[in-house]
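The values are calculated or read from the model by the stated rules, or taken from the named source; none is laboratory data. Keep in mind the model is a prediction, meaning the values are calculated, not measured. So basically every Cβ, Gly included, is an ideal-geometry build from the backbone, and we count neighbours across all protein chains shown. Surface areas here come from the heavy atoms of the whole protein model, side chains and all, with no ligands, DNA or RNA. Shrake-Rupley method; radii C 1.70, N 1.55, O 1.52, S 1.80 Å.
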Amino acid sequence: MAEPKKKSRKQHILECLAHMLETNPGQRITTAKLAAEVGVSEAALYRHFPSKARMYEGLIEFMEESLLTRINLIMDEEKDTMKRCQLLLQLVLMFAERNPGISRLLNGDALLGENERLRDRINALFSKIETHLKQILREKTLREGQGFQIDEAVLANLLLAIAEGRIAQFVRSDFKQKPTAQFPEQWQFVEKQLLQS
């Protein structure tokens with residue numbers, strides 16, 4: 001029987017960073033604190049990552065890959081406009097809920113005082129998600145011959161703002177107010193409004 005594959009040191013460092021983001025809300029994470037959490041010297045951290053910014057980028061790459069891969073599956077597998085929007089938003093909210101430390105990156109809270117390119121990457125990720133929402137809403141016209149009275153870009157921005165607001169509440173509540181709580185009821189209301197627009 002094959003033994004389970006051992007986690008790489010790089011992966012372990014990123015998991016410890018995500019854990020520290022979750023358990024130390026509001027505190028800046030230094031490489032010294034991270035090294036202590038990982039159980040290695042700061043020099044050992046830098047053998048795997050040239051900078052703390054690269055460590056954060058490792059977590060951002062995990063977010064991008066996880067979310068965008070799943071969004072593409074939703075786009076391929078689901079054809080109903082409203083269901084696609086619901087699944088996409090639900091995916092973002094569930095991802096944040098299952099990864100509380102990483103939700104601080106999505107929210108931007110953990111990036112205050114860090115390299116500007118990290119905030120740019122988070123902004124780019126949200127832009128991609130918003131673009132998918134716009135595409136879903138625009139395809140309604142092509143599929144059903146009937147669009148919305150309000151511009152799809154405006155609607156896509158509103159839907160994204162709902163998800164971002166739920167994530168912000170989650171972070172602000174120290175992860176007590178779950179992003180997915182009451183989402184089904186809220187979505188029913190939003191869907192009804194969208195279909196009337």
Q: Kindly indicate whether any position in the range 99-106 is crowded, with 19+ Cβ neighbours inside 10 Å and part of a loop (DSSP other than H, G, I, E, B).
A: yes
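A quick yes/no check of all residues on (1) without any contact (Cβ under 8 Å) to a residue 40 or more places away in the chain; (2) crowded, with 18+ Cβ neighbours inside 10 Å; (3) over 25 Å from residue 61 (Cβ atoms):
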residue: 124; (1), (2), (3): yes, no, no
residue: 133; (1), (2), (3): no, yes, no
residue: 137; (1), (2), (3): no, yes, yes
residue: 141; (1), (2), (3): yes, no, yes
residue: 154; (1), (2), (3): yes, no, yes
residue: 166; (1), (2), (3): no, yes, no
residue: 169; (1), (2), (3): yes, no, yes
residue: 173; (1), (2), (3): yes, no, yes
residue: 177; (1), (2), (3): yes, no, yes
(Q) Just checking, does the range 67-89 include any residue being closer than 21 Å to residue 20 by Cα and either out of contact with any Lys or Arg (no Cβ under 9 Å at 6 or more places or on another chain) or of a type in the set (Gly, Ala, Ser) (or both)? (A) no
Q. Do we have any residue at all in the range 32-52 that's closer than 24 Å to residue 126 by Cβ and open to solvent by less than 60 Å² (accessible area, probe 1.4 Å)?
A. yes
Q. If we scan the range 179-193, do we find a residue that is of a type outside the set (Val, Ile, Thr), under 30 Å from residue 53 (Cβ atoms) and either buried (at least 19 other Cβ atoms within 10 Å of the Cβ) or free of Cβ contacts under 8 Å to residues at least 60 places away in the same chain (or both)?
A. yes
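Being of a type in the set (Lys, Arg) and closer than 19 Å to residue 23 by Cα narrows it down to one of 172, 166, so name that one. Don't jump to the end; show me each part of the working.
Details: 166 fails: closer than 19 Å to residue 23 by Cα.
Going through 172, 166 in turn, just one is of a type in the set (Lys, Arg) and closer than 19 Å to residue 23 by Cα: 172.
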